[in-house]
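To start, the structure itself, in structure tokens.
Just so you know, all these numbers are worked out from the coordinates, no wet-lab data involved. Just so it is clear, the structure is predicted and the values come from calculations on it, not from any experiment. With ideal geometry, Cβ positions are generated from the backbone for all residues, glycine too; neighbour counts draw on all protein chains shown.
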Amino acid sequence: MKNYLIIAALLILSACKVSKDVQVHDQQLPNAYRTATTTDTASIARLPWKSFFTETTLQNLIDSAITRNNDLQIAVKNIEQAQLTLKQAKLGYLPAVGLGVTASTNRPSDNSLNGISLSQFLGTKHIEDYNASANLSWEADIWGKIRSRKAAALATYLQTEEARKAVQTQLVANVSSGYYNLLMLDAQLEIARKNLRLNDSTLRIIRLQFDAGQVTSLAVQQAEAQQLAAARLIPQFEQDVTIQENALSILAGKLPSAVIRSQTLESVPVSQTLSAGLPSTLLSLRPDVRSAELAVERANADVGVAKASMYPSLVITAQGGVNSFRASNWFNIPASLFGTAAAGLTQPLFQRGQLKTQYQVAKVEREKTVIQFRQQVLLAVGEVSDALVRLDKLNQQRAVASNRANTLRQATGNASLLFKNGMANYLEVITAQSNVLQSELELASIKKAQLDATVELYRSVGGGWR
């Protein structure tokens, strides 16, 4: 009766946990981002990507990437793998059961005690043994070791799901940024071609003036050099367009091919009312932050397993089946039935410090995951703040660049008109054309940077996986 009470008390202890979890929800995040220009608490991260990116061609590219991208497919397979491990961990409370069938024969020496006994009592020189049994072994989860293993498997599974979300958010951002880069290259290619046509016209006029003796050969050479500078940009942009199309095709899980565009860079709107929400929402919306938090939960569980391994283990075993020394009556029921049961309590005493070291290492690993989580939160808040300030300052830069480009276009027109009427020299025309080329290329780059900033804000607040 006393032994049963001891076992019952140990089973009651199975609800205990020998280690204390570390909490990470003490980040003391600010009420708003440093560079936020709005107090709206809603976050664009909650928008599905199809609601954020509304252009049809871009949607088709993103949809193909989500369906066929190889990196994302690997992330899905990681989820399947972790799910199988979790299912196995959930069976930790069940006993292990095995079946065994054995047959053996033993022929002792005629001069041995066993040989003489066999000859006298059984009239045979050998003895046979036939056994068929079921074996059962079950470990009581006294200190929560099995529960901790299950918690670790669950955290790992959830981490793989967050990893898939993180891959998708980055994939959506890469595809959209690549598409906007393609539109920028289209715009810059058209700018270069337009400027080349303008240089061709200027060069023809200067050559006519040279033939008439109004200018020197230096004027012709400088005009030709300006034309060649504009002409060089065209194959460069055409090369960049093809490379970007190939990159987008690969992201979409397809062989390199052309990408059909249904809009221009200028026609893509830049939203001025994007809300990043509150910094505290990053803890639940950003997959990488959530994954870092789950890493702490998994580390808590690993500490629990390491700590519980230092305490006594209660293992109950049982065996039952049929046994006989003759095959003819092997399954003679109930005469051949047998059964045994045992319970053992094992306390590790000295294992050269292995268990203690494992426990200490697990605690250090947990401290590292806490630090990594805090760092990930800092990086996330910083990325959102950076995206917000880029949006604000790029709007200002684009306004200035747009005014500059308009002024230079007017200056180029005026210089060409004055040159044709002999009121300006060729250097003024060439300088004006060079300036307008650079200003228009810069304006296209700024527009693309604005679109990239919106994409980065959407990604940094945790958008793209819905």
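When the dipole is taken about the Cα centre of the chain, and only Lys, Arg (+1) and Asp, Glu (-1) are charged at their Cβ, what size is it in debye, to the nearest 20?
Details: 47 positive and 37 negative charges, 202 e Å.
Dipole size: approximately 980 debye.
For an R0 of 60 angstrom, estimate the FRET efficiency from the Cβ-Cβ distance between Val400 and Val364 and round to the nearest 0.05. Intermediate results must be reported in sequence, preceding the final value.
Numbers: r = 53 Å, r/R0 = 0.88.
Rounded to the nearest 0.05, the efficiency is 0.70.
Sorted from largest down, what three extents in whole angstroms do the Cα atoms of the stretch 88-182 have along their principal axes?
97, 38, 19
When the dipole is taken about the Cα centre of the stretch 111-188, and only Lys, Arg (+1) and Asp, Glu (-1) are charged at their Cβ, what size is it in debye, to the nearest 20? Provide the component values of the computation, followed by the final result.
On the way: 7 positive and 7 negative charges, 35 e Å.
The calculated dipole for the stretch 111-188 is roughly 160 debye.
Could you calculate the FRET efficiency of Ile74 with Arg46 from 1/(1 + (r/R0)^6), where r is the beta carbon distance between them and R0 is 30 Å, rounded to 0.05?
Working: r = 27 Å, r/R0 = 0.90.
The pair Ile74/Arg46 has a calculated efficiency of 0.65.
Using 7 Å Cα-to-Cβ label points, what is the Ala343/Ser104 separation (nm, one decimal)?
The modelled label-to-label distance comes out at 3.0 nm.
Provide Rg over Rh for the chain; use the alpha carbon set for both Rg and the Kirkwood Rh (inverse mean inverse pair distance). Write down the numbers at each step before the final one.
On the way: Rg = 38.6 Å, Rh = 29.7 Å.
Using only Cα positions, Rg/Rh for the chain is 1.30.
Return the distance in nm (one decimal) between the two label points of a simple spin-label model at Leu379 and Phe121, each offset 7 Å from Cα along Cα→Cβ.
Placing both labels 7 Å beyond Cα along the Cβ direction yields 7.5 nm.
First measure r as the distance between the Cβ atoms of Asp129 and Ala96, then evaluate 1/(1 + (r/R0)^6) with R0 = 22 Å and state the FRET efficiency to the nearest 0.05. Please report the intermediate quantities before stating the final value.
Numbers: r = 25 Å, r/R0 = 1.12.
That gives a FRET efficiency of 0.35.
Return one quarter of the surface area of the convex hull spanned by the alpha-carbon atoms of the stretch 206-325, equal to its mean projected area, in nm².
Values: hull surface 98.7 nm².
Average of the hull's projected areas for the stretch 206-325 equals 24.7 nm².
Gain in length, Gln83 to Ile234, computed as 0.36 nm per residue apart minus the alpha-carbon separation, to one decimal in nm?
On the way: separation 151, 0.36 × 151 = 54.36 nm, distance 5.22 nm.
Extra length available between Gln83 and Ile234 comes to 49.1 nm.
Percent relative contact order of the chain, based on C-alpha pairs within less than 8 angstrom and at least six residues apart? Mind dumping the intermediate values first?
Values: 658 pairs, mean separation 126.8, N = 466.
Worked out over the chain, it gives 27 percent.
In straight Cα distance, which lysines are under 24 Å from Lys368, not counting same-chain residues fewer than 8 positions off?
Lys368 reaches Lys17, Lys20, Lys145, Lys150, Lys165, Lys307, Lys356.
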